[in-house]
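Undergrad: Handing you a structure now.
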C-alpha cells in the first residue's frame with residue numbers, strides 16, 4: 001500500500017508571536033520555531049503503524065515547508081520515510097483551502113506511484129481551521145473519513161477505519177483510495193525516532209518541489225492579520241480564600257446553584 | 001447595479017447541531033432588504049430544525065428526505081445540493097452553517113461542488129459590495145485573520161461573536177414562510193460500518209448548563225476520575241483541553257477549545273486549566289468561569305469570575321465530600 005501523509009507543521013505556541021504582526025513575521029515564526037501539530041503527529045504515527053503491520057507499506061510525506069532548510073524536514077525523514085517532498089508553504093497558503101486542495105489533487109494525480117491512502121491532520125497547520133482535508137477529498141473526488149482515530153489494512157485491500165462520529169465511535173470498512181482527516185488520540189502519539197535514523201536524516205539535504213497549478217485559482221485573498229486580544233472578564237476575579245475545607249464548602253455551594261444565586 | 005448576494009442558512013437535523021438561534025439572527029440581519037433562505041434538512045427519523053420568528057422576511061424550506069437515516073456529510077451532501085437547487089439558491093450566494101464538524105464538512109463540499117470558496121469557521125462576516133469579508137481565528141486563537149472573497153458562491157461556518165443560547169426574537173420579528181419540500185435525490189450507498197458501544201455515560205457537552213473541565217494540570221487518569229465523580233454529582237457534563245485528549249484522559253468527543261467543541265454553559269468549572277487562547281476559544285464569553293489552579297498567576301484567572309488557588313489533590317476530595325453531603 002502507498003500511503004501519503006501531508007504535513008503542515010505549526011509555529012511552536014510556547015513562543016510569543018511577533019508584534020507588530022505581519023504575514024512575513026508569521027512565516028518567520030514558523031521557520032524559527034517549527035513543530036509538528038498534534039494532528040500532524042497523529043497522521044504520521046498512523047502511517048508508521050500501517051508500516052509496522054505490513055513492512056511492504058511505502059510512506060511518502062508531502063510537507064509544507066518554510067524553506068529547504070526547514071528543521072521539520074530532517075525530523076520527519078528520521079522516521080525512515082521512503083520519500084519526503086517539500087513545497088514552499090508561502091506560495092500555497094492553507095487559508096485558501098480550495099486552491100491548496102486542488103494543488104494537492106493535481107500533484108497526487110501526477111505521482112508515479114498513486115497513493116492508496118492520504119492522511120492529513122484534521123487541522124492543517126496554523127492557518128487552517130479544519131477545511132483542508134475535506135477540500136482535498138473533494139478535489140480528488142475520493143471519500144473522506146473525518147475524525148479518524150485508527151486505520152488498519154483489512155481483507156481484499158479494504159481499509160478498516162475507526163473514527164469519531166458525533167458522540168459515538170464507529171468502525172468503517174472502505175475500499176481505497178481514501179482521504180483520512182486524523183484526529184489527536186492517546187494511541188496516536190508520535191513515537192521517537194531511533195538515534196541512528198536521526199543522525200542519518202541530519203545528513204540529508206532537501207529541495208523544494210514546484211507544485212502543479214492544476215485548476216487552482218485563488219478565490220480568497222488575505223486582507224489582514226492582527227493579534228487577537230485574549231478574552232478577559234470585565235469584572236475582577238473574586239478569589240475564594242481560606243483553608244481547603246473552607247474553599248471546598250464555598251465552591252460546593254456555588255456549583256450546586258450553578259451560579260444562579262451568586 | 002449588481003444583484004444583492006443571497007443569504008442562505010443550511011441547517012442539518014436538529015439532533016446534529018447546536019442551537020442555531022444566534023446564527024439565524026445574524027444571518028437575518030445580514031439579509032435585511034432581501035429574503036433569507038433557510039434550508040432545514042431532516043428525515044422521518046431526524047427532525048429538521050423547527051421554523052422560528054426572525055428579524056427579516058425569510059423562506060424556510062423544510063427538506064425531509066424519506067430515506068435519510070445516517071447523518072454524515074456523505075449522505076447529507078446530495079440532499080444539501082438538491083435543497084440549494086429547489087430553493088433557487090446556487091448563484092451569487094453566501095451559504096452559512098452553524099460551526100461543527102458535520103456542518104463544516106457539508107459547507108466545504110457544497111462549495112467545492114459549486115466551484116465556490118469556503119471561508120472557514122468565522123467569528124465575523126460582512127458583505128462589502130461584491131465581496132464577502134470574513135474574520136476568523138488562526139494560530140490557535142492568537143491571531144485574527146481577515147479574508148476576502150468575490151467568488152460568486154461563498155460558504156462559511158459562523159458563530160457570531162455575541163452568541164447566546166437563548167436569543168429572544170425582537171419586536172420586529174416575522175414568522176418565516178414555511179415551504180415543505182420532499183427531496184428525492186438518490187443517496188449514496190451506506191458504508192459498511194459498526195458502531196462501537198460507548199461506556200461514556202456522562203451527559204454530552206452540547207447544551208449542558210454546567211460543564212466541568214480539566215486540563216494538563218490534572219496530571220493523569222486519577223484526577224479525571226475525581227472530576228468525573230464531581231460532574232456526575234452535579235449532573236454536569238465533562239470536558240478537557242487538547243493535551244488531556246492527547247494523553248488519553250478524555251475522549252476526543254469531549255475536547256473543548258479551538259480544535260474541539262464550543263461550549264456555552266451557564267457555568268464552566270475548570271480545574272488545572274491554565275487558560276490558553278486555544279482553550280478559551282471554545283468557551284462562550286457568556287459562560288461564567290469558576291477556576292481552580294495552583295498558580296495564582298495563571299491566565300485563567302483573568303477570564304474567570306470566581307477563582308480558587310489550590311492543589312486539586314487537596315481540594316477535589318473535599319469538594320466531592322461536600323457535594324455528597326449536600327445531596328445525601
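Please treat every number below as a calculation from the coordinates, not as lab data. Every value quoted in this text rests on a predicted model; they were computed, and no experiment measured them. Every residue, glycine among them, receives a Cβ derived from its backbone with ideal geometry; neighbour counts consider all protein chains shown.
Undergrad: Spin-label point model (7 Å from Cα, Cβ direction): what's the residue A:12 to residue B:69 distance in nm?
TA: 5.2 nm
Undergrad: Expected output is a single nm value to one decimal: the length gained when fully extending between residue A:160 and residue A:173, i.e. 0.36 nm times separation in residues minus the C-alpha distance. What is it? Present the calculation step by step, with values, prior to reporting the outcome.
TA: On the way: separation 13, 0.36 × 13 = 4.68 nm, distance 0.46 nm.
Length gained between residue A:160 and residue A:173: 4.2 nm.
Undergrad: How much of the DSSP bridge set in the protein assembly as shown is antiparallel, in percent, rounded to the nearest 5?
TA: Taking every DSSP beta bridge with both residues in the protein assembly as shown, the antiparallel ones total about 35 percent.
Undergrad: Order by neighbour count: B:269, B:224, fewest other Cβ atoms within 10 Å first, most last. Walk me through the intermediate numbers first.
TA: Details: B:269 29, B:224 23.
By the 10 Å Cβ count, ascending, the order reads B:224, B:269.
Undergrad: Rounded to the nearest Å, what's the spacing between the alpha carbon centres of region A:106-147 and region B:11-26? Just the number, please.
TA: The distance from the Cα centre of region A:106-147 to that of region B:11-26 comes to 28 Å.
Undergrad: Continuing with the same structure: Angle check, please: helix B:312-327 long axis (alpha carbons) against the longest principal axis of chain B (alpha carbons), in degrees 0 to 90, nearest 10.
TA: The answer is roughly 80 degrees.
Undergrad: Against the longest alpha carbon principal axis of chain B, how many degrees, from 0 to 90 and to the nearest 10, is the axis of helix B:73-86 turned?
TA: 40 degrees
Undergrad: Taking the Cα of residue A:91, stepping 7 Å toward and past its beta carbon, and measuring to each backbone N in region A:25-43: which are under 14 Å?
TA: none
Undergrad: Also: Before anything else, pin down the relative contact order of chain B: Cα pairs under 8 Å, at least 6 apart, normalised by residue count, whole percent. Walk me through the intermediate numbers first.
TA: Working: 720 pairs, mean separation 47.6, N = 328.
For chain B, the relative contact order is 15 percent.
Undergrad: Which value at 222 nm does chain A reach when only helices count, each DSSP H run of 4 or more adding -39,500 (n - 2.57), with the total divided by all residues and rounded to the nearest 500 deg cm²/dmol?
TA: It lands at -8500 deg cm²/dmol.
Undergrad: For chain B, just say rounded, prolate or oblate: build the C-alpha gyration tensor, square-root its eigenvalues into a ≥ b ≥ c, call rounded for a/c under 1.5, and beyond that prolate if a/b exceeds b/c, oblate if not.
TA: Here chain B falls in the prolate category.
Undergrad: Assuming a ≥ b ≥ c are the square roots of the Cα gyration tensor eigenvalues, decide whether region B:6-181 counts as rounded (a/c under 1.5), prolate (otherwise, with a/b larger than b/c) or oblate.
TA: Note, shape of region B:6-181 comes out rounded.
Undergrad: Considering chain B as a Gaussian network with a 10 Å cut-off on Cα pairs, which listed residue, B:21, B:200, B:246, attains the greatest mean-square fluctuation?
TA: Ranking B:21, B:200, B:246 by mean-square fluctuation puts B:200 first.
Undergrad: How big is the gap, in Å, between the Cα center of region B:254-328 and the Cα center of region B:104-129?
TA: Measuring centre to centre over Cα atoms gives 34 Å.
Undergrad: Sort region B:210-327 into rounded, prolate or oblate with this rule: let a ≥ b ≥ c be the square roots of the eigenvalues of the Cα gyration tensor; rounded if a/c is under 1.5, and if a/c is not under 1.5, prolate when a/b is larger than b/c, oblate otherwise.
TA: It comes out rounded by the Cα gyration axes.
Undergrad: Convex hull over the alpha-carbon atoms of region A:2-202: what's its volume per residue in Å³?
TA: Each residue corresponds to 127 Å³ of Cα convex hull volume.
Undergrad: Which value in nm describes the separation of the simple spin-label points at residue A:187 and residue B:57, placed 7 Å from the Cα toward the beta carbon?
TA: Going by the 7 Å Cα→Cβ label model, 5.6 nm.
Undergrad: Determine, from the Cβ-Cβ distance of residue B:296 and residue A:32 and an R0 of 22 Å, the FRET efficiency 1/(1 + (r/R0)^6), rounded to the nearest 0.05.
TA: It comes out at approximately 0.10.
Undergrad: Still on this model: With everything on Cα atoms, drop me the angle between helix B:21-30 and the longest principal axis of chain B, reported from 0 to 90° to the nearest 10.
TA: So the inclination is approximately 40 degrees.
Undergrad: Between residue A:244 and residue B:207, what's the calculated FRET efficiency when r is the beta-carbon distance and R0 is 41 Å? Round to 0.05.
TA: 0.80
Undergrad: Just to be sure I understand the model, the point goes 7 Å from the Cα along the line to the Cβ. What's the resulting residue A:197 to residue B:179 distance in nm?
TA: 5.7 nm
Undergrad: Also, I was wondering about something else. Calculate for chain B the 222 nm mean residue ellipticity that helices alone would give, adding -39,500 (n - 2.57) per DSSP H run of length 4 or more and normalising by residue count, nearest 500 deg cm²/dmol.
TA: Details: 8 runs with 80 residues, N = 328.
Value at 222 nm, helices only: -7000 deg cm²/dmol.
Undergrad: Could you check which residue among A:192, A:31, A:92 shows the biggest mean-square fluctuation in a GNM of chain A with a 10 Å Cα cutoff?
TA: A:192
Undergrad: Shifting gears a bit: Work out the FRET efficiency for residue B:161 and residue A:53 from their Cβ-Cβ distance, taking R0 = 45 Å, and round it to the nearest 0.05.
TA: 0.45
Undergrad: Normalised by the number of residues in chain A, what is the relative contact order in percent for Cα pairs under 8 Å and 6+ residues apart?
TA: Once normalised by length, the contact order is 23 percent.
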